[in-house]
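Student: A single structure is presented below for examination.
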Amino acid sequence: MAILAPKKPSTPITHPRLQTHKEDLSLKNLSDEAVAGHIYSKHRDDDTIKIDVDNYISFLQSLFSNVQQINEASSQGHEGRVIYSENSYKSNVTTIDPPADILKKVSIKLAFKSPGIEKAHQTTLEILDILVSYPWEAKAILCLAAFGSDYGLLWHLNHHSLFDPLAKSLANIHHSTSLKKHLDSFSYRQVIFSSRSLIYLCFEIIKLMNQIRLFSKYDSKEIPELASALRQIPLFSYWVIHTIVASSTEISSYLANTESQSPTYLNELNERLNAILNTLGDLLNIFQEQLEEINLYRWLIDHIDQFPTEITLVVSKLLEGKPNAKPLINCSTFNEERIEDALREKNVILLISSGLNISNDDIRALKLVYEELKREDNYKIVWIPVMNSEAFNEESHKRYENLRSTMKWYAVQYGTKIAGLRFLEEIWQLRDDALMVVLDSKSKLKFSNAIHLLRVWGNNAIPFTLERANALLRKNWPESTIVKFTNQPRLQSWIDQEKTIIFYGGKDIDWIQKFEEKVVDIKNDRSMRDNGITFEIVHIGINKNTTKGEDDNNSNMARFWISQWGFFIIKSQLTGSSASETTEDILRLISYENENGWAILTVGSAPLVVARGNLVLGVFEDLNAWKKNLNLKGFPNSFKDYFEQLALRTHQCEKVILPGFSGWIPMIVNCPECPRFMETGINFNCCHGRDQLNK
């Protein structure tokens, strides 16, 4: 964020004494880089001596308010007649214990300096040396306190000089009565006697700097721009003190009847302070928004799955950060319904999409779930599209409406900026893919990764609980992820009879044809016939004889691989991400997604071999080398034993590309071919202990 107006190239701070009018020197010659170089060469953010800046602010606010009343009375010709109410005495209870010696030294530096930028800069650096052991905002407030003490004394003496001989004598010594002549001048009002004067701006900047300092208790990761803002406080403090010095010089010129500050100089100071004030205000607004996000994030962590909280309150806070969020849209009736009315005492399925990225397949599957759930009306589904405010436009609105028209459940209104985004991303791990989270009526988390349950088991996953997921995982994985993608009507009968089955597929039609030809050869081999050995094959994927419906077939295969991933993630999440026979087999299959061919040998639904296409053909071609074992071991085990021997003689690195799924994903993955951990990154790779052949 730009802090001040664009800076001009820096020039040396020290200039030769001007022979022309002092307005020839501008603040543009005093760049922030040059100032920072001077102050950082001797000063750090020292807090050896701390003061209560809030107390000083309250005290000085009261002091300047009282002086202002005297100013106004004097301006209106009512000198010595300011009457303070009893309440004003009672309210002025703030006290400070200022370092008198320090304030005296600063007052001396402020007094009767010659006008101009050079002298103000030099004096500012000298004051910073005096205040070297104080934090930066304390430096600024102490300098303002020294100015306020001197300025307040002048008007106090002036106010009482009509009735108090001592005050009259002291006023005469200090020339305080000279101030009255300048009350109506523009320069006086520009310096102190107005609501946008230089001293007023200094005061406001100090207050905002102190507020920013209060945010330093938060982690910079939670408030990213805080560190940058804190680094600029020294520079802001410099300009506050510089302005106080310049303002004090202007006041001194009225008392001593000497040359005053240049109007251009005072105007530039006003512009500089307003720029700082605007910057600090913008930063504080950002910090306040981020603080609200932090508090909401912590509230959601504390209440979701931790402390029984009404689901209606949790959903409202998640959506908009407040108890009463905008109504939801009922996609069946197109009516708006209050969250309290729609979700009270219901289990809730949150379908959360990154933007409008949600597949038609997921919507179709969820429709079936919706139809079954509505029978008992214990569950409600809510679609939450998480969109960046920059993405709200006419085109995205149309897409939102089109998507919403395909749904029957509730949807969050278009244009809703999701307040709990950080919680969704960090705790529930929302990414590019859709996320489905199931909560009960008291916000107890039933399942955070339910999108994979939906994709693998559909309605069978209801009610999307941990117990149900574990029950589904007890089946052999081909029953859950393979069988439903075939068109073989006798498949279930073969599984029930525990027949040997080879499922096969791949991207290369030529490989599929070779495989099927080899199967015919194997089945016709005399050894197979003599031993009465047979097996079945089931194709998965595109039909090699036709291109009709190719798009549908490709879409079907996309769902097939999504289903494999879903099973792998759920299995890994519930049983641990370390290798198991099931996760190795299914991960091995996933790694073959882009291979020419692959095959899965099962006995019934129990997987025995998951193989890359070239190795499967290799085993078939070498039938003579292992068919002698058929009588003793049978076809499945003979195939498996020779396959393992052949695999040891070949080498190919395994590569698994993990899609951008939301929710829990494994960060450590065992290679499906060897016991090593795969290299972790965007991709998972393993070369079984050997160097990669093709990097």
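Student: Net charge near Ser638: determine it from the other residues with C-beta under 9 Å of the C-beta of Ser638, scoring Lys and Arg +1 and Asp and Glu -1.
Tutor: +3
Student: Any idea what the relative contact order of segment 311-467 is, in percent, if you count C-alpha pairs under 8 Å spaced at least 6 apart?
Tutor: It comes to 32 percent, rounded to a whole number.
Student: Against the globular-protein guess of 2.2 N^0.38 Å, express the Cα radius of gyration of segment 249-407 as a ratio, rounded to two decimals.
Tutor: 1.76
Student: Please go through segment 194-296 and write out the trypsin sites (Lys or Arg not before Pro) that DSSP classes as loop and that have at most 16 other C-beta atoms within 10 Å.
Tutor: Sparse-neighbourhood loop trypsin sites (Lys or Arg not before Pro): Arg196, Lys221.
Student: What ranking, highest mean first, results for peptides 245-252, 95-102, 287-294 when packing means the other Cβ atoms within 10 Å averaged over each residue?
Tutor: 245-252, 287-294, 95-102
Student: Now a separate question. What is the local net charge at Glu536, summed over the other residues whose Cβ is closer than 12 Å to its Cβ (Lys, Arg +1; Asp, Glu -1)?
Tutor: With Lys, Arg at +1 and Asp, Glu at -1, the neighbours total +2.
Student: Can you give me the C-alpha center-to-center distance between segment 585-630 and segment 280-355, rounded to a whole angstrom?
Tutor: 50
Student: May I ask you to evaluate 6.51 cos²θ - 1.76 cosθ + 1.60, the Karplus curve with θ = phi - 60°, for each residue of segment 199-209 and list the ³J(HN,Hα) values in order in whole Hz, giving x for glycine and proline?
Tutor: Taking θ as phi minus 60°, the curve returns 5, 4, 5, 4, 4, 5, 5, 4, 4, 5, 4 Hz for segment 199-209.
Student: For a distance above 20 Å, tell me the whole-number percent of Cα pairs in segment 322-396 that qualify.
Tutor: The calculated P(r) of segment 322-396 puts 39 percent of pairs beyond 20 Å.
Student: Cα-Cα over 32 Å: which of Lys139/Lys317; Lys417/Lys484; Lys139/Lys221?
Tutor: Lys139/Lys317; Lys417/Lys484
Student: Can you give the net charge of the other residues whose Cβ lies under 12 Å from the Cβ of Leu226, counting K and R as +1 and D and E as -1?
Tutor: The answer is +1.
Student: Going by average Cβ neighbours within 10 Å, how do the peptides 508-516, 378-386, 396-404 rank, with the highest at the top?
Tutor: 378-386, 508-516, 396-404
Student: Now for a different question. What FRET efficiency do you get for Asp54 and Lys326 if R0 is 45 Å and r is their Cβ-Cβ distance, rounded to the nearest 0.05?
Tutor: It comes to 0.75.
Student: While we're here: If N is the number of residues in segment 409-500, what value comes out of its Cα radius of gyration divided by 2.2 N^0.38 Å?
Tutor: Cα Rg divided by the expected 2.2 N^0.38 Å: 1.45.
Student: May I pose another question? Between Glu516 and Arg649, what length comes free when the chain is fully extended (0.36 nm per residue of separation minus the Cα-Cα distance, one decimal in nm)?
Tutor: In short, 45.4 nm is gained.
Student: If a paramagnetic tag sat 7 Å from the Cα of Asp32 along the Cα-Cβ line, which residues of segment 192-208 would have the backbone N under 18 Å from that point?
Tutor: Within reach of a label on Asp32, which here means backbone N under 18 Å from a point 7 Å along Cα→Cβ, segment 192-208 contributes 202, 205-206, 208.
Student: If you don't mind, there's one more thing I want to ask. Where in segment 408-430 does the amide nitrogen come within less than 19 Å of the point 7 Å from the Cα of Asn393, taken along Cα to Cβ?
Tutor: 414-417
Student: Further, regarding this structure: Quickly work out the Glu372-to-Phe163 label distance, labels modelled 7 Å from Cα along the C-beta direction, and quote it in nm with one decimal.
Tutor: Rounded to a tenth, the inter-label distance reads 9.0 nm.
Where a number appears in this text, it was derived from the coordinates with a stated rule and is not lab data. Here the structure is a predicted model, which means the values were calculated and not measured. FYI the Cβ positions are ideal-geometry reconstructions off the backbone, even for glycines, and counts take in every protein chain you see.
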